[in-house]
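As structure tokens, the structure follows; a few thoughts come after it.
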Amino acid sequence: MAAKKDPRLARAGVDGYNKPKRTPNHPTKSHVVVAKEGDKVKLIRFGEQGADTAGKPKEGESEAKKAKRKSFKARHAKNIAKGKMSAAYWADKVKWVILVAMLSHATNIG
């Protein structure tokens, strides 16, 4: 017999544990994730709704956006290090990610 699906997953509207999803209709938070680490499970809402985050780096990215990303990572470094059970970890992973593939592609050009 299959195990029962956790009702927190359905309530959050996500497909599984540790799978973040945008929440465009939430009044204050832009994303939600049901984080699971070992036996601990926690619903985490993160990211400011409508915020102009630096997001993924773009070709010709402005110095201001680079500084914004660097500042976020420095300011939240302790909370990011706490791992999957912190909102800062998910915000860093989803909203402030630097794609390694983009960086390696940029270094291979020319």
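Only the coordinates and a few stated rules stand behind these numbers; no lab work does. A quick note: this is a predicted structure, and the numbers were derived from the prediction, not measured.
Checked against a 31 Å cut-off, the cross-linked pairs 4/73; 4/68; 36/73; 29/70; 29/68 give Cα-Cα distances beyond that limit for 4/73; 4/68. Between the amide H of residue 31 and those of 23, 46, distances stay under 5 Å, these residues lying 5 or more places away or on another chain, with hydrogens modeled in the peptide plane. Please list, or write none, the aspartates and glutamates whose alpha carbon is within less than 20 Å of the alpha carbon of residue 21, excluding same-chain residues fewer than 8 places away. Hits, sequence-local ones excluded: 6, 37, 48, 52, 92.
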